[in-house]
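Below is one structure, written out as C-alpha cells; comments come after it.
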There are 2 protein chains.
Amino acid sequence: MKPRVVILGGGFGGLAAAKALGKRAIVTVVDRHNYQTFLPLLYQVSTAGLAADHVAYPIRGALRETNGKFRMGSPISVDHKNKTVKLDSSEVLDFDHLIVAMGSVTADFGIPGVAEHALGMKTISEALEIRAEVMRRFEDLCRFEDETRLHIVLVGGGPTGVELAGALAELVRGPLKNDQAHAAKHIDITLIEAGPRLLPMFDDSLSQKTKEELESLGVTVLCNTSVKEVESRKIHLGNGEVIASEITIWAAGVKGSPDMDYLNIPKVSNRVDVDETLQVRHYPHIWAVGDISGAKGEDGKFLPMIAPVAMQQGRFVADQILRFEKGSTPLKFVYKDKGSMATIGRNKAVVQVKKIKFSGFIAWSAWLFLHLFYLMGGRNRIGTIADWFWNYLTFDRGNRHILDSQ
Amino acid sequence: MKPRVVILGGGFGGLAAAKALGKRAIVTVVDRHNYQTFLPLLYQVSTAGLAADHVAYPIRGALRETNGKFRMGSPISVDHKNKTVKLDSSEVLDFDHLIVAMGSVTADFGIPGVAEHALGMKTISEALEIRAEVMRRFEDLCRFEDETRLHIVLVGGGPTGVELAGALAELVRGPLKNDQAHAAKHIDITLIEAGPRLLPMFDDSLSQKTKEELESLGVTVLCNTSVKEVESRKIHLGNGEVIASEITIWAAGVKGSPDMDYLNIPKVSNRVDVDETLQVRHYPHIWAVGDISGAKGEDGKFLPMIAPVAMQQGRFVADQILRFEKGSTPLKFVYKDKGSMATIGRNKAVVQVKKIKFSGFIAWSAWLFLHLFYLMGGRNRIGTIADWFWNYLTFDRGNRHILDSQ
C-alpha cells in the first residue's frame, strides 16, 4: 500500500516533496493558487522587467509526471484522530502523512500603519500593484510638470529590498527617463535598513560593495534606521525624523503563514515547532518544510526563509516518509548551505559561497544562470531569456503597463 | 507654427494618427490606460496562450520617436468656443485639432442580464477574468470527480467568437485534458450566432468550413439562434429554449464608446457623425477615426469596427490636418479593404482577399505572420513567437494561472 500524503502548499518545499515522492505515494497538493510563484524573480515583475505569467507555473503542470492530485483551496481544520484534513471547499482528505508547506507572509513586527499604507511583495498581485502604483504616480508627475517630487521608500535591506531598490533605480534612470525625463528626475528612491548594514548574511565587504553600487544608481541608503510608524505619504523613523513617502514598500521581513493556526499543531515564534527530523513535535505523521518550518541550523538559529532550504527539506521529508513506511527511524535534517547571491542591477551582483566571495559581471552572470536553471517550465525559461535579452540590449523595460484597473 | 493636436484614445486609430503626424504637429495622446491593447490577440490571453503583458504596449514607448506627449485620463468636456478639452485630472488642453479615437465598448443590444451575467472581451482585465473563470470552474470540476458538466457558451459568431471558441476548445481538449482528463471531458463549449452563418463578412464556403472545423474541435455551433435573456447559469434563447451556461462570454457586438457623450458632438447610431472627410459634422476642427467614427463605405453602410479601418483613418486624418493647416480642402476618406482573416485553431484559419479565398495551414501561417507584423514592439514579438513556438511544439498552454485573486 502506497502512503497517502497530503501536502499543504505548492511552493518550493511542497512541490519538491511531491516530485521526490513521485509515484511512490498517493500525493495530493493543496494550494490557494493554481500556480507556483517563483518568488526570487517577483521583484522583476514589480519593476516592469518580466511578465507576471513568466514567474508563475501551473501546479497541475508540475504534477503531471507524478500522478499527483491537486486541490485549489485552503485547509480549515485537521482531525488528528482520524487523520483527515478539511478544506474550505468542505472536501475532506484522508492522509497517512501531512506535509505543512504553506510558506510565509509579510511580517510587520507590530509596527503601526504597515498593513494600511505599505505595499507587500509576496504575491504576483502585490508585485503588479507595486508596478501599477509606480507607473501611476509617474504619470501624475508627468502631468504636473513642476518641481513636485515622488518619494519611493523601501523598508528592509535584505535581498528583496536590495534587488527591488536596484531594479527600481534602473527603471527610473533608464526607461522612465526616456518616457519623460523631467518626471523621472523628480523620483527619489530610499532604502531603509534597521541593522548596521545591507545583506547581513553576506560578508562585510560585499555589504559595503552593495551599498556603493546602489548609491551609484542613485538610491539613498539609510542603515541603522528603524521605522516607528507608516502613515499615508510619510514614514516616522525611530530617530524621530519624518520622511516623505508616497510609495512605501515593505520588504523588512516575513513570518510563517498564520493559516497554520487552523491545523492545531504546536508553534514556536510564528513557525511550526518541529523536531530535527522535521516531524511536528508530538505529531510524527505531520511534517513541516520551508518558511513555515521551525527547523534550526547547527548554530541553534532558525534556518533562513529561502527557496534552497525549502527544496532540500521537501526532498528530505519525501525520503523520510518512505523510510517511515518501511519501519525505519527518520533521520535528522541537515541544511547544506550552497551560498547566497543577490543582484543589484545590470552587470552588478554579489555572490558568496562559504569563504569564496565575488561581485560584478561574473557574479551577475552566475545569478542569471542559476535563476534560469531553477525557474520551472521551458516556456518560462524561453520567455524570461527573451525578456532579459531584450531589456539588456535595449536598456528598456517593456512591461510598464498599469494592469490593475479595468 | 505647428498645429496642436489632441488625440483622445491611444488605440490603433489614435496611435496611427500620432505617428503619422510625428514631429510636424504638437501632439498629445489621452488614454485611460498607459498602454495600447492589441485586441486581435486578446482571445489568446483568455485561453492561456499568451501572457497579458505581450498584447499590451506602453503608449509612451510608441510616442518616443514623435516627441508626442501622453496624458493618462479621460476627457470630461470640450469647450468648443475656446478649443480646449478638459480631462478628469482637471487639466485643460488647448487644441487646434481634436481627433476622437476612443474606440468601442461591448454592446448588449438591450438584452437583459448581459451586463450582470456575461463576461466581455474588450480589455486585458476582461480577458484575464475569462481565463480565471474558466480555470476556476475547471478546478471545481476536478474536485467534484462526478458527472457534473461545465457549460461555456459564447455568444456571437464573428471573428472574436469564432477565434475564442476554437482556442477554448483546444485548451480544453489539450492542456486541460492532460491536467485532469475526467474533468476536461465534462466541459461543453457552445457558440451561438443569431444570423444564419458564422463570419458573415466571409464567403459562404468559408463560413461553412469554419463551422465544420469548430465542430471537429468539439464545439456545438448554433446558428439562427438569438439570445433573449442571460441569467446566472442559464441563457434564454429566442426560440423559448433555456440552455445551461455557467460561463457566458459575450462577443456579439460592440458600439462606439459612450464617453463620446462628454464631448457634446453630433452622434449617429452610437457613433460620431462625420462627413466623408472624417470631420465631425459642423465641427471642422474635430475628427473621428476608428470604431467610434460614423464613416460609411461606398455601400452606404458603416465601415467595420476593425483595426485596419482605424489605422487607415488615423493616417488619413493626420494628412488632412496638415493639408488643412496649409489651407487646402480636406479629401474624402476611402477605405482600402485588404481582406479578412480569422483563425480557428492549430493549422486552421480562413482568409479572404477580395475574390481570393483560402483556408487551412497556409491561411493559418498568413494569419500568424500578419499578426506578428502588426504587433507593436520587438519584445512583444519575441515573447509571442516564443509562446507560440512553445505551445505549438508541446501542445501545451503555459499561462493557465488564475491571477485575479490575491
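Every read-out reported here was derived from the displayed coordinates using simple, explicitly stated rules and does not represent laboratory data. None of these values were measured; they are calculated from a predicted model. Counting neighbours? That spans all protein chains shown, and the Cβs are built from the backbone with ideal geometry, glycine included.
Structural remarks
- Selected from B:A183, B:L198, B:L164, residue furthest toward positive end of dipole (region B:135-200; charges at beta carbon): B:L198
- Taking the convex hull of the alpha carbon positions in region B:230-322 and averaging its projected area over all directions gives 8.5 nm².
- Mean projection of the Cα convex hull over all viewing directions, computed for region A:50-194: 12.9 nm².
- Above-threshold pairs, the threshold being 23 Å between Cα atoms, out of A:K122/B:K122; A:K211/A:K357; A:K296/A:K354; A:K177/B:K19; B:K19/B:K338: A:K122/B:K122
- Share of pairwise Cα separations in region B:6-56, more than 16 Å, in percent: 48 percent
- Chain A shape via C-alpha gyration tensor axes, a/c threshold 1.5: prolate
- Area projected by the alpha carbon convex hull of region A:124-165, averaged over all directions, nm²: 3.4 nm²
- Two-decimal Rg/Rh across region B:333-406, once Rg and the Kirkwood Rh are taken from alpha-carbon atoms: 1.08
- Projected label distance in nm at B:R149 and B:E116, using a 7 Å step from Cα toward the beta-carbon: 2.6 nm
- Across peptide B:375-385, the mean count of Cβ atoms from other chains lying within 10 Å of each residue's own Cβ comes to 5.
- Value of [θ]222 nm, deg cm²/dmol, for the protein assembly as shown, DSSP H segments ≥ 4, -39500 (n - 2.57) each, nearest 500: -9500 deg cm²/dmol
- Relative to the other identical copies, A:F369 shows label-point distances of 4.0 nm, where the label point lies 7 Å from Cα along the Cβ direction and values run shortest first.
- Relative packing of B:351-364, B:165-178, A:183-196, which averages over residues the other C-beta atoms within 10 Å, highest first: B:165-178, A:183-196, B:351-364
- Rounded to the nearest 20 debye, the dipole size of the protein assembly as shown about its Cα centre is 1920 debye, using +1 on the Cβ of Lys and Arg and -1 on the Cβ of Asp and Glu.
- Placing unit charges on each Cβ (+1 for Lys and Arg, -1 for Asp and Glu) gives the protein assembly as shown a dipole about its Cα centre, and among A:G49, B:S216, A:F358 the Cα reaching farthest toward its positive end belongs to A:F358.
- Calculated log₁₀ intensity ratio I(q)/I(0) where the Debye formula runs over C-alpha points of the protein assembly as shown, q = 0.06, 0.09 Å⁻¹: -0.42, -0.94
- Potential extension, A:D299-A:E231 segment - 0.36 nm per residue separation minus Cα distance: 20.7 nm
- Taking the C-alpha atoms of region B:28-126, convex hull volume expressed per residue in Å³: 139 Å³
- Site pair A:R323 and A:N347 shows an inter-label distance of 4.8 nm when each label is modelled 7 Å from Cα along Cα→Cβ.
- Per the Debye calculation on region B:315-355 with a single equal scatterer at every Cα and no solvent contribution, log₁₀ I(q)/I(0) for q = 0.17, 0.18, 0.19 Å⁻¹ amounts to -0.61, -0.63, -0.66.
- With the gyration tensor restricted to C-alpha atoms of region B:112-271, the semi-axes of the equivalent ellipsoid amount to 28, 19, 15 Å, longest first.
- log₁₀ of I(q)/I(0) at q = 0.20, 0.29 Å⁻¹ - region B:146-207, Debye sum with one point per alpha carbon: -0.77, -1.15
- Of all chain B residues, the closest to the B-onto-A rotation axis by Cβ, with that distance in whole Å, is B:A51, 2.
- Per DSSP, loop GluC sites (Glu not before Pro) in region B:230-311 with at most 12 further Cβ within 10 Å: B:E241, B:E276, B:E298
- A point 7 Å from Cα along Cα→Cβ stands in for B:I385, and the other copies hold the same point at 1.3 nm, listed in rising order.
- Of all DSSP beta bridges confined to the protein assembly as shown, the antiparallel ones make up roughly 50%.
- Projecting the Cα atoms of A:T37, A:A25, A:A62 onto the charge dipole of region A:7-71, computed from C-beta unit charges around the Cα centre, puts A:A25 farthest toward the positive end.
- Sorted from shortest to longest, the distances between the A:D88 label points of this copy and the other copies are 3.0 nm, with each point 7 Å from Cα along the line through the beta carbon.
- Size descriptor, Kirkwood hydrodynamic radius, that averages inverse alpha-carbon separations across region B:224-382, Å: 19.0 Å
- Per residue of peptide A:61-67, the mean number of Cβ atoms on other chains within 10 Å of the residue Cβ is 2.
- Modelled spin-label separation between B:A181 and A:N67, with each label point placed 7 Å from Cα along the Cα-to-Cβ direction: 1.3 nm.
- Dipole check for chain A: with +1 at the C-beta of Lys and Arg, -1 at the C-beta of Asp and Glu, and the Cα centre as origin, the magnitude is about 1640 Debye.
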